[in-house]
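The values are calculated or read from the model by the stated rules, or taken from the named source; none is laboratory data. Worth saying up front: this structure is predicted, and the values here are computed from it rather than measured. Note that we place each Cβ from the backbone using ideal geometry, even for glycine, and neighbour counts take in every protein chain shown.
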Amino acid sequence: MIIEFGHFALILALLVAVAQMIVPAWGAHMRDERLMAFGAPAAVAQVALVLIAFLSLMYAYVTSDFSVANVAANSHSSKPLIYRISGVWGNHEGSMVLWVLILAIFGAAVALFGRNLPASLKANVLSVQSSIAVAFLLFILLTSNPFERLDPAPFDGRGLNPILQDPALAFHPPFLYMGYVGFSLAFSFAIAALIEGRTDAAWARWVRPWTLLAWMCLTIGIAMGSWWAYYELGWGGWWFWDPVENASFMPWLAGTALLHSALVMEKREALKVWTILLAILTFSLSLMGTFLVRSGVLSSVHAFAVDPERGVFVLAIMVLFTGGGLALFALRARDLAQGGVFSPISREGSLVLNNVLLTIACVTVLVGTLYPLALESLTGAKISVGAPYFNMTFVPLMIPLLLALPFGPLMAWKRADIAAALERLVAAGLLSIVVFVAAFAVTERGPWLAPFGFAIGVWVMAGALSETAFRIKLGSVPLNESVRRLTNLPRSAFGTMLAHFGVGLMVCGIVGTTGYKSEEILLMRPGETKEIAGYALTFRGAAPSKGPNYTETIGAFDVTRNGAPVTHLEPSKRLYDAPPQPTSEAGIYAAWTGDLYAVLGDQQPDGAFAVRFYFHPLVRCIWIGTLIMFLGGAISLSDRRLRVGAPRRAGRAPVAVPAE
Amino acid sequence: MLLWLCFAFLTAAVVAMLLRPLRAGGNGAVAPAEADLAVYRDQLRELEAERERGLIGDSDVEGARAEVARRLIKRANAGPDAGPAAPSDPARARTIYTAVAIALPVLAIGLYVFTGSPQLPARPFAERQSKDIPDANQAAGIVELIQRVEARLREDPQDGKGWNAIAPVYLRLGRFADAAHAFAEANRLEGETVRRLTGFAEATLMAENGIVTEPVRRATLRILELEPSRIEVRVWLALAKEQDGDLQAAAAEYRDILTKSAADAPWRKAVSDRLALVEKRIAGVPDEPKPSAAAPAAAAPSQPQTPGASQGDAPPDIAKMSPAERDAFIASMVGRLADRLEKDGKDLDGWLRLARAYKVLGKDDEARGALKSARTHFATETAALAEIDKAEQALSLPTKE
């Protein structure tokens, strides 16, 4: 009964969404307050209904109700509870429900927390947001209904792809969706602004927290996906330039650009047209990501919904929203008045440079992702565009961006003094030169470019710290004055510093692991020892073991360094019961200098095991860096500035502007 | 009944929630001008702090202040114009809210009746074990038995008797991939018998959606070796020929089965139907009903695709083609791919697809060959070699050492 209740709730959610799409927008058009006010309770009702549907589906998974086709196809009675829960979104239908749930949550968040928004803007935003919900709810109910039933019910389910039976499934998709879907709000705000014909500094300030939230979630979601691939796929790669990864990376690049251009729009009312366009494009790229993954045009770990019919539906949604958004943009962009003027050397100018580089980078990734698909559909030739293409195009674009990055926060608005900024970065520059020389000296025969990479990473990190040091006048005023200034800094300043510092740390991690990783592939018999990167690994043997729904062979390795025991690694090879599919679980030892990574391969006829060892220097810096970026976003989000509200109209007289 | 009551309750709650603004009359909304003014006032306040931190030059602060002030004044002047209209027409609002309140339940019930299955009860796994099947004790017994045997087999996978016992149970429960695996293990450990070979062939056939793969063909030949009188299993050989596109040979095989079967053999009708179909196709008449799953020996209802490892990633639309189309499609695809890789071997995906295709076609040796060629082309790339290893395992094709 609970299943059918969930199904009904989902249908009701669709109808509420349709009403929410029409009534508030019409109200805003007619300037009818009562109709505009419909949006808020509708958004809350919508999220409640989708939540009911989602929980019903989860209930079916937890109780292993195989009369639900979706559960029968993707679950199994022997699966541990945690994977029965996270398995809800480990498949196409369930993940679409999660997608719509997050969409509705963002809509309801605007309804509840957007108290500082003017009524008509709020009504239009909720209407546009709901139109997205309508499209996806229709998609779910028409082509991928998770509540379809089987009668008679099969005795047991067909199991979840073993690669997905991992704790990371609980976090990676929800965060990624929060990122993707979060940008839907930027889109809704942009469309609402175009409908109202007003885009100004206030609009930019209202849209910024939502963009920031989406960007944070997308950052951490992508990082988690990368980490998951690193330890699960068995060879220690952390980024593959796989089309599905690119599909999430493109909205990230565009979203990062949007975050910065909205800043200019908020402060100076400049870059208005561009910001609106970016908001539309960022969400379009998110939709494209969904399309690429769901349509089956790509084959990858993520392609769990290979169904042309669904692909066409998502394509239609994407064309509708992108095309509609751009058409409205073309119609209205001319009316947008230009804002404040600024000189090329200024904060605004540096943010424009940031936007130009990020946008071009996004385009190169787009070309690299879509070109093979286009070529295949036109000529049938299958080519794969891999790391070499991106190393030749994307990386050179990132170098000027990273070199210029520390200058940005040091520039003043309107007009800046580049010589002064350079002066403030002298310490950072010297530090990065020292690191460069040191890296060269230590790794004299290493790759030639890696020391440059380290220098750039350190430059970015030290530059971020220098900026804060300059703001608090560290060294030039008494220490307690600096501390006072530090405590007075707005949280967004800390956010900026942390996010930029995280970028630098990530760059160091990428350079370290790409430039200096070492690997060994060999056959080992129990008792044999192999050295890699200063560690000696002794194979103690392999033994079978069994888990809740798999059997595995665990290899035992003793790790020593200069004779002293370090750790004990136990990589294993698993064979799952349902479906019978092998996976490898790497044994990883994380040290400050890098990760020791061991993979157990097949047993050879003569009893020896194929094993692979890797050493990934500094690889943790990549994810720690992204985590710091996430924290930077969170701190920035808590800034008072983003919560400035208008007094309630029913309330007191407007607050007077304090005399300054 | 309870279900419909719940629906009614949910709908009523939602409608009540949606109607709230009607009563509140839109109070508490923020006037557009007010919202903007709050932001601009805040920006004015911020400027001073920014100047102190050096975020804006001393000389530019005044300009920026003027800019914000201009926005503020512009917005304040636009106030009455951009503000909300005079209190709205309550009748119009009431009409629209009423329409929503009526349309919502009607449409929701209507859509649900079309798509839902209110008559189906939930079937949670734990509950089913006790009450699903009429004889509760027996059902519980079966489930418990299966779980016990499974547990034992996990402890000791070399227990041939256990595999032998559980295999037919799996087959009856529709767990075809499990059944095929269990029969294969039993055959390996306990020796091949006609019963087990037949079970294996049947289970594999079902798991593979009626495609006669090479293991099935080999099992069939072995059955005939052990017991030549079991002519009905030759249907699988005929089916294999049919799926290979060799319709003439398939028809001949069917005819031979019919002549050698007793007059009252239970499979006569199925075989002759099948023969008629094949003859029709030889004559060039396209056949509508998809025949492959209707294999005479496949008595159980056709099952959705089982994600067996050997299934490979054949494009899904193939499943909708008729066997002849499919065979032509696969053959041409595989041929083209093989030719291309011959010329340019630096396509790892290509090799893996080729191997998978051969495996699906039952050509294990060719599949092994493809993987071997891939290995030579990518001998220096560890990532690629790992991929090849993985593919090899997935296809259960250990390269012969």
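Within the stretch A:109-129, is there a residue that is assigned to a helix (DSSP H, G or I), among the hydroxyl-bearing types (Ser, Thr, Tyr), within 24 Å of the chain's Cα centre (by Cα) and modelled with pLDDT of 90 or more?
Looking for residues that are assigned to a helix (DSSP H, G or I), among the hydroxyl-bearing types (Ser, Thr, Tyr), within 24 Å of the chain's Cα centre (by Cα) and modelled with pLDDT of 90 or more, one finds none in the stretch A:109-129, hence no.
Does A:Leu126 fit the bill of being under 14 Å from A:Ala37 (Cα atoms) and facing chain B (nearest Cβ under 9 Å)?
Details: under 14 Å from A:Ala37 (Cα atoms): yes; facing chain B (nearest Cβ under 9 Å): no.
No: the conditions fail for A:Leu126.
Rundown of residues vs (1) in contact (Cβ under 8 Å) with a residue 24 or more places away in the chain; (2) outside the structural domain of A:Val125 (by TED's automatic domain parsing); (3) not aromatic (Phe, Trp, Tyr), yes/no style:
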| residue | (1), (2), (3) |
| --- | --- |
| A:Gly179 | yes, yes, yes |
| A:Ser188 | yes, yes, yes |
| A:Ala201 | yes, yes, yes |
| A:Leu213 | yes, yes, yes |
| A:Ile220 | yes, yes, yes |
| A:Ala223 | yes, yes, yes |
| A:Gly237 | no, yes, yes |
| A:Trp241 | yes, yes, no |
| A:Leu271 | yes, yes, yes |
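What residue, among those in the stretch B:172-203 that are over 20 Å from the mean Cα position of the chain (by Cα) and in a loop (DSSP other than H, G, I, E, B), is surrounded by the most Cβ atoms within 10 Å (Cβ to Cβ)?
Here the residue is B:Glu192.
Please determine, by comparing only the residues of the stretch A:413-457 that are of a type in the set (Gly, Ala, Ser) and outside any helix (DSSP H, G or I), which one is farthest from A:Leu402 (Cα to Cα).
Per the criteria, the residue is A:Gly446.
For residues that are of a type in the set (S, T, N, Q) and crowded, with 21+ Cβ neighbours inside 10 Å, scanning just the stretch A:132-177, find the one that is nearest to A:Gly324 (Cα to Cα).
Looking at residues that are of a type in the set (S, T, N, Q) and crowded, with 21+ Cβ neighbours inside 10 Å, I get A:Ser144.
Counting just the residues of the stretch A:140-169 that are part of a helix (DSSP H, G or I) and either under 23 Å from the mean Cα position of the chain (by Cα) or away from every other protein chain (no Cβ under 14 Å) (or both), which one comes out nearest to A:Val100 (Cα to Cα)?
A:Leu169
Say we look at the stretch A:444-487 and pick out the residues that are over 21 Å from A:Arg424 (Cβ atoms) and touching a residue at least 60 places away in the same chain (Cβ under 8 Å); which of these is nearest to the chain's Cα centre (by Cα)?
The selected residue is A:Gly453.
So in the stretch A:275-312, with the set limited to residues that are of a type in the set (A, V, I, L, M) and within 23 Å of A:Gln165 (Cβ to Cβ), which one is modelled with the highest pLDDT?
Among those residues, the one meeting the criterion is A:Val293.
For B:Ala122, all conditions in the list (1) out of contact with any Lys or Arg (no Cβ under 7 Å at 6 or more places or on another chain); (2) of a type outside the set (Asp, Glu); (3) modelled with pLDDT of 80 or more hold save one; what is the number of the exception?
(3)
Among the residues of the stretch B:343-401, what is the count of those that are surrounded by 22 or more Cβ atoms within 10 Å (Cβ to Cβ) and among the small types (Gly, Ala, Ser)?
The total comes to 6.
Listed here are the residues, each with its yes/no results for (1) within 8 Å of chain A (Cβ to nearest Cβ); (2) farther than 25 Å from A:Ser350 by Cβ; (3) out of contact with any strand residue (DSSP E or B) (no Cβ under 8 Å at 6 or more places or on another chain); (4) modelled with pLDDT of 80 or more.
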{"residue": "B:Val39", "(1), (2), (3), (4)": "yes, no, yes, yes"}
{"residue": "B:Asp42", "(1), (2), (3), (4)": "yes, no, yes, yes"}
{"residue": "B:Gly54", "(1), (2), (3), (4)": "yes, no, yes, no"}
{"residue": "B:Val61", "(1), (2), (3), (4)": "no, no, yes, yes"}
{"residue": "B:Ala69", "(1), (2), (3), (4)": "no, yes, yes, yes"}
{"residue": "B:Leu72", "(1), (2), (3), (4)": "no, yes, yes, yes"}
{"residue": "B:Pro80", "(1), (2), (3), (4)": "no, yes, yes, no"}
{"residue": "B:Pro84", "(1), (2), (3), (4)": "yes, yes, yes, no"}
{"residue": "B:Asp89", "(1), (2), (3), (4)": "yes, yes, yes, no"}
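What is the one condition in (1) among the hydrophobic types (A, V, I, L, M, F, W, C); (2) surrounded by fewer than 17 Cβ atoms within 10 Å (Cβ to Cβ); (3) away from chain B (no Cβ under 12 Å); (4) more than 30 Å from B:Arg152 (Cβ to Cβ) that A:Ala543 does not satisfy?
(4)
Scan the stretch A:596-608 and give yes if some residue there is of a type in the set (Asp, Glu) and within 28 Å of the chain's Cα centre (by Cα), otherwise no.
no
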